[in-house]
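The values are calculated or read from the model by the stated rules, or taken from the named source; none is laboratory data. Everything quoted here is computed from the prediction, not taken from an experiment. Counting neighbours? That spans all protein chains shown, and the Cβs are built from the backbone with ideal geometry, glycine included. Just so you know, the surface numbers come from the protein's heavy atoms only, side chains and all, with ligands and any DNA or RNA stripped out. Shrake-Rupley method; radii C 1.70, N 1.55, O 1.52, S 1.80 Å.
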Amino acid sequence: MSKTGTLNDFAEPAELSVQLNANELSTLSETELRGLCGALRQEADQRRRSLATAVHELRTPMAITSGYIEVLLTEKVGALSERQRAILEDMRANQTRLQRFVDDFLTVSAIESDAVNLNREPADLNAALQEVCTLWSSRFREKSINLFFSACDELTPFPFDIFKIQHVLKNLLQNALTFTPAGGTVWVSVQKIAWERRLAQQPLDREERRKLDSKLPKAARVIVSDTGCGIEPEFHTEIFQEFRTLSRKGQQPRSAGLGLSIAKRLVNAHAGRIWVESKPGHGSKFCFVLPLREGDRR
């Protein structure tokens, strides 16, 4: 490739990302760089669509395989030995993990293509979160983990997409279930708070804080706390990125690393904020904030 060439001298978009280097980019004009960026975006979109299509095609054979596993486990087609049942249980567990990855990947793909629209309607956040906790309670009992939910009586219905926020909680509960050992505890709680803008540079006394809070927009804060292994501070931001997973020494990653990324995207779509507070050996606290009024969203 000539270092003094124009955009027409570059390869087709499908080959751009493997033929460029820093020296070649430094010789391009602003117009050429803009055109190149557009071509690279087109290439990335094309690859993402192709991969999403391939992943979507996995759903049918996965559903068939899952159906056969369940039929075999019921012993309707023959009795199972202890060894055979153990193998099928392991197959079912891995099938569930694969299904979760497919669902998460397709959700990310839909969000990136703007195919997911928020349906904000006045709803009871307490009831929405309680429903998810009730549905997940059996999973926590199977692992001997306590799951508690604490509602906020001060919170009245406000506009949000109930299914998207339930999806956020499901992903946070899956994370807590994965990293909390048997005998541990997970708490889900809701609070009504002033929107935290961190305006003051100096600590405020109680009266100054009260006056400031009265002027701030109101929000709902959801907290999912666990007694798991905790997360090192250097990973607090990284875990919300796509395909980022945490694994302990001697362990394989337990997910594809999309759950927290999806949670962040859905919370951000509500003009909210999500973060984690944690340190090794002291569990984790995942928090997300949703503004209560349209004018408070930013």
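Write out, first by first residue and then by second, each pair whose Cβ atoms fall under 7 Å of each other, whose residues are 6+ apart or on separate chains, and whose first residue, in the stretch 158-178, is open to solvent by 20 Å² or more (accessible area, probe 1.4 Å) while the second is outside any helix (DSSP H, G or I) and of a type in the set (K, R).
Once the first residue is open to solvent by 20 Å² or more (accessible area, probe 1.4 Å) and sits in the stretch 158-178, its partners that are outside any helix (DSSP H, G or I) and of a type in the set (K, R) give P159/R120; L177/K143; T178/R254.
Only one residue in S144, S138 is of a type in the set (S, T, Y) and at pLDDT 95 or above, so which one is that? Write out each step before concluding.
Numbers: S138 fails: at pLDDT 95 or above.
Testing whether each residue is of a type in the set (S, T, Y) and at pLDDT 95 or above leaves just S144.
Output the number of the condition that E196 fails; it satisfies all remaining conditions of (1) at pLDDT below 85; (2) buried (at least 18 other Cβ atoms within 10 Å of the Cβ); (3) not small (G, A, S).
Result: E196 passes all but (2).
Pairs needed: first member in the stretch 216-243, polar (S, T, N, Q); second member anywhere, loosely packed, with under 15 Cβ neighbours inside 10 Å and at pLDDT below 90; C-beta distance under 9 Å; at least 6 residues apart or different chains.
So the pair list comes out as T227/H282.
Kindly indicate whether S109 is open to solvent by less than 70 Å² (accessible area, probe 1.4 Å), under 26 Å from Q174 (Cβ atoms) and modelled with pLDDT under 70.
yes
To keep it simple, each residue is scored yes or no on (1) open to solvent by 50 Å² or more (accessible area, probe 1.4 Å); (2) modelled with pLDDT of 95 or more.
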{"residue": "E154", "(1), (2)": "yes, no"}
{"residue": "K192", "(1), (2)": "yes, no"}
{"residue": "K211", "(1), (2)": "yes, no"}
{"residue": "S225", "(1), (2)": "no, yes"}
{"residue": "I231", "(1), (2)": "no, no"}
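Looking at the structure I just gave you, is E207 open to solvent by 70 Å² or more (accessible area, probe 1.4 Å), at pLDDT below 95 and farther than 27 Å from R265 by Cβ?
yes
Against the condition open to solvent by less than 30 Å² (accessible area, probe 1.4 Å) and at pLDDT below 90, how does D104 come out, does it pass?
yes
Applying the selection to the stretch 138-148, what residues are in contact (Cβ under 8 Å) with a residue 24 or more places away in the chain and surrounded by fewer than 17 Cβ atoms within 10 Å (Cβ to Cβ)? Lay out the reasoning, then the answer.
If we filter the stretch 138-148 for residues that are in contact (Cβ under 8 Å) with a residue 24 or more places away in the chain, which is where we start, we get 139-140, 143-148.
The answer is R139, K143, S144, N146, F148.
Looking only at helices (runs of 4 or more DSSP H) that lie completely in the stretch 1-84, which have at least 1 residues being surrounded by fewer than 14 Cβ atoms within 10 Å (Cβ to Cβ), modelled with pLDDT under 65 and more than 28 Å from the chain's Cα centre (by Cα)? If you could, list the steps in order and put the result at the bottom.
Numbers: elements: 13-16, 22-25, 30-57, 59-73.
Counting at least 1 such residues, we get 13-16, 22-25.
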